[in-house]
Every structure is written in C-alpha cells, then in structure tokens.
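The values are calculated or read from the model by the stated rules, or taken from the named source; none is laboratory data. Please read all numbers here as calculations on a predicted model, not as lab measurements. Virtual Cβ from ideal backbone geometry, glycine too; neighbours counted across all protein chains shown.
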Amino acid sequence: MKQIRIIILFILLPGFAFSQKASVLSLQKCIDFAIENSYRLQAKQANIEAATEKARFDKFRGLPKLSGELAGENHLLKPYDFSQVWASVHADWSLGDYLLKTDRASRQQVQTLKLLREQSRLNAIEKIASLYVAVLLNQKQKEILESRLTLMRQHYNLALSMWKAGLRTQLDVLQTQSAINKIEQDTVRLAINGDQLKQEMARLMGFKNASSIHLQPINTDHLTSLSTNSFDLNKHPLVQAYTSKIKAKTLETEAIKARNYPLLSLGGGYFNDADPTADGNYWRVNVGIRIPIYYGHQNLHLSKMMHAQSQSLSATQKEIRRKLEIHINQLEIKQSRLKNLLQIQQEQQKTAKKTVDFSEINYKAGLITNLEVLTAQQELTKVSMEMEASRLDYLMNLIEFYISTNHVDKIKALATPESGAFSNKKTLLK
C-alpha cells in the first residue's frame, strides 16, 4: 500500500508543479513576493533587532551594578609573615542614568529604524509595481504588433493576387513584405525587452525561472473614474522617521546631563586576617560617592553638537516634505493631463481604424497606392500603442500617488475582479 501511495505521489507531483508554474500572478501577489524576498528589508529587520538589543542593554545603565571579589595576599615582614584573605560585594549606581532614563534615546532609535523599514517597503512596492506595469505594456505592444502582422499578411495576399492578375506591380508585394519584416523585427525586440523585465521581476520575487512569470492583466478603462484621497504628509513614514530622529537627538541631549550626577558605591565583605598583632578577623562595610567637579567644557560642546545635529535633521525633514509635496502635485497634474490625453487618443484610434478600412477598399478599387495603405496601418499601430502606453502610464501614476501618500492598501484594489479592474480584453486594433 505504501508503494502505491509513493507511485501516485510521483504521478501527481509533476502536474502540481506545472499548475504552480503556470499560475497567474496578480499585482498584490507580486508585491507580497517582492517584500518577502527583499534583502534590503531583511537587512532593515536585522538592524531593528540589533537596535532593540542595544536598547535593552542601555536600560541596565540606570540600575545598580553588582560585582564580587574574592582575593588574598601575603605580607612578608622581617619579624614575621602573615596572610589576609577576604570576600566582598560591591554595588555601583549611576544616579544620572537612572533619574534621566538615558535609555530612552536607544528606544527611540528602534522606532526610527521601524519607520525607515516601512519606507524601504514602499520603495520595494514601487519597484515591483513599475516592472509589473512595464511587462503589461510590453505584452500589449506585442498584441498590437501581432494584430497588425495578421492584417499585413492579409494585405500581402491581396497585393500578391492583384500582381498575378496584372492589376498591380510587383513593387506593391515587395513594399508589403518589407513592412512585414519590419513588424517581425519590432516583435523580436519587444520579446527581448520583455524577457529582461521578467528576469528582473523573477529575481526580485525570489523565482529562479523567469518563464514562471505570468501576470494578471489589468483593464485600465475604469481607472480614470478613481478619485485620489486627501493626504497628511505627517503620516508619511519617511517624514515620521525624521521626526523620530529629532526626538532621539533631543533625548540624547538630555542624557548628557547625566554626566553631572554623582555615582554611588556600596560594598562590604569579610576579612580573614592572620596578622598576629591585629585583632583578628573582621567585617567591613564601605559607602562612597563620586561627584563630578570639572571636566572642562565637554558637556557644553556635546550639547552644542547635538543641537546642530537636530537642526540638520529638521532641515532635512523640511526638504523631504517639500520634495514629497512637489512630487504629489506633479502626479495630480499628470493624472489630469493623462485623462484628457486618453480621451483624445480614443477618438484618434477610432478615426485611424476607419482610415485603414477605407484604405483597403480604395486600394482594391485602384484609387490609392499601396504606400497609402501601409501608412494608414502604421498610423493605427502607432496610435494604439500610444494609447496603451498612456493607459498604463495612468495606472503607474496612480500607484505612485498611493505610495507617496502612504495609501498602499488601495493598490491591491486596482486589480481585483470585484472592482471590475480585472480583464482579459484584447486590444482595439483587432
């Protein structure tokens, strides 16, 4: 029975592997894979773990430190020799670290690193999303060229039959064949570019084989109806990270004052004294305090340095906010312009398609030349490609807006069947 199960397993495994290999990847799935396999994010997580341990380590600076001592010594004197052995315990306590809680700066650094990791996550999402859109555009362009190639071959057969019938010259056949060869070359170039894009995607998602990349198409028609939400730049992870850095620097500046607080020490132990002239064994307890008196102007210079660093961080944060505001405003303007451009291109494509239909009819009637037919088809191809590029450019612009405004949850809804965004609709060139 066990052998039968093993045989069945070997039979089913290849089919299961093939189904996995041929599975269609949505945009959200690609994002999940990219985040899971991002070495940068793994490095950021390791930094957070290291900073967390440092914060735990710094917490003990404000607690008493205990140490023990077990020692002995011999006294070699002329009249006699004797030895002493003792055991003692000592406690040292930094009041400044305890009262000012100097470990707060380390804890704040952990929060900073978490926010910087979130920014790296946004960067990873933007990178994989741009590749996703680039692959979709590449596939759409290949579909358009394949559609035109089909039309050109039909036109080639027409030109060939008319040449054989003596109605057209051989030049028409050669011109059409040359146009077909040009389309085939463009198709090969697109295939090369598509393979490179998929290879990069595969590596970023942890796949070894780029042939396993099969993307879920996105119908971009509905995107122009989506509205952009209001945003608060104070909630952007990069802005928050610098706010956290400034807070940590303030806590570090406060911690400098701990150097002016006294250090307490407490100790005690038992002494085994073999000195024949002494009173014998005894217990000893000691209490001490070390008060800082003069360290030059170290604390003053440290405070000035921390203040200057805080000013640098604050200016950097303002620069980041300004760049984000500019970028978001540019995205909003581009979105509005692309919406208008798509309306124009849709009308232009309808006109170009009618032109191709009429050119074929007029060519058969001998009213126009072959070059005019080829030009009309080339114009339709150009318009169709430009329109698909504009649609996917609009999609990428929307994704960048969601990332810049920290609304990455809305990216997932762009390609869900429930929202009507998922489609396998073919290009209008057909």
- request: Filter the range 160-171 down to the residues that are in a helix (DSSP H, G or I) and surrounded by fewer than 16 Cβ atoms within 10 Å (Cβ to Cβ), then identify the one that is nearest to the chain's Cα centre (by Cα).
  value: Leu171
message: Which pairs turn up if I take residues in the range 352-371 that are crowded, with 17+ Cβ neighbours inside 10 Å and look for partners that are β-branched (Val, Ile, Thr) and assigned to a helix (DSSP H, G or I) with beta carbon separation below 7 Å, at least 6 apart in sequence or on another chain?
response: Ala352/Val383; Ser359/Val373; Glu360/Val373; Tyr363/Val373; Asn370/Thr176
task: Please work out which one of (1) at pLDDT below 90; (2) in a helix (DSSP H, G or I); (3) over 30 Å from Thr375 (Cα atoms) is the condition Ile333 fails and give its number.
output: (1)
- prompt: Assuming Leu174 fulfils every condition listed in (1) within 30 Å of Phe207 (Cα to Cα); (2) loosely packed, with under 15 Cβ neighbours inside 10 Å apart from one, which condition is it?
  reply: (1)
- prompt: All but one of (1) surrounded by 14 or more Cβ atoms within 10 Å (Cβ to Cβ); (2) more than 30 Å from Gln335 (Cα to Cα); (3) in contact (Cβ under 8 Å) with a residue 24 or more places away in the chain hold for Leu204; which doesn't?
  reply: (2)
message: Need the failing condition index for Gly269 against (1) more than 24 Å from Lys65 (Cα to Cα); (2) in contact with a strand residue (DSSP E or B) (Cβ under 6 Å, 6 or more places away or on another chain); (3) not basic (Lys, Arg), just the number.
response: (1)
message: Checking the structure you have, find out if any residue of the range 334-341 is surrounded by 11 or more Cβ atoms within 10 Å (Cβ to Cβ), in contact with a strand residue (DSSP E or B) (Cβ under 6 Å, 6 or more places away or on another chain) and touching a residue at least 24 places away in the same chain (Cβ under 8 Å).
response: no
message: Given the condition in a helix (DSSP H, G or I), more than 30 Å from His236 (Cα to Cα) and not polar (S, T, N, Q), answer yes or no: does some residue in the range 125-132 qualify?
response: no
query: Just for the range 276-309: of the residues that are in contact (Cβ under 8 Å) with a residue 12 or more places away in the chain and under 41 Å from the mean Cα position of the chain (by Cα), which one is surrounded by the fewest Cβ atoms within 10 Å (Cβ to Cβ)?
result: His307
field: Count - residues of the range 77-115 that are of a type in the set (A, V, I, L, M), in contact with a strand residue (DSSP E or B) (Cβ under 7 Å, 6 or more places away or on another chain) and buried (at least 18 other Cβ atoms within 10 Å of the Cβ)
entry: 0
- prompt: Failed condition for Ser225, given (1) within 30 Å of Asp393 (Cα to Cα); (2) at pLDDT 90 or above, with all others met?
  reply: (2)
task: Confirm whether Glu400 is at pLDDT 80 or above, assigned to a helix (DSSP H, G or I), among the acidic types (Asp, Glu) and under 25 Å from Leu145 (Cβ atoms).
output: no
- request: Would you tally the residues in the range 377-408 being of a type in the set (Gly, Ala, Ser), surrounded by fewer than 22 Cβ atoms within 10 Å (Cβ to Cβ) and more than 29 Å from Gln240 (Cα to Cα)?
  value: 2
field: Residue satisfying all of: in the range 69-104; over 24 Å from Asp275 (Cβ atoms) and without any contact (Cβ under 8 Å) to a residue 60 or more places away in the chain; nearest to the chain's Cα centre (by Cα) among these
entry: Asp103
- request: With a cut-off of at least 3 residues that are under 30 Å from Val408 (Cα atoms) and either at pLDDT below 90 or polar (S, T, N, Q) (or both), name the helices (runs of 4 or more DSSP H) lying wholly within the range 1-117.
  value: 2-21, 39-59
task: Would you mind stating whether Asn340 is at positive phi and not small (Gly, Ala, Ser)?
output: no
query: Only one residue in Lys208, Lys198 is at pLDDT 85 or above, over 30 Å from Asn299 (Cβ atoms), assigned to a loop (DSSP other than H, G, I, E, B) and within 25 Å of the chain's Cα centre (by Cα), so which one is that?
result: Lys208
query: Since Val135 meets every condition but one in (1) over 23 Å from Ser211 (Cβ atoms); (2) surrounded by 13 or more Cβ atoms within 10 Å (Cβ to Cβ), which condition does it not meet?
result: (1)
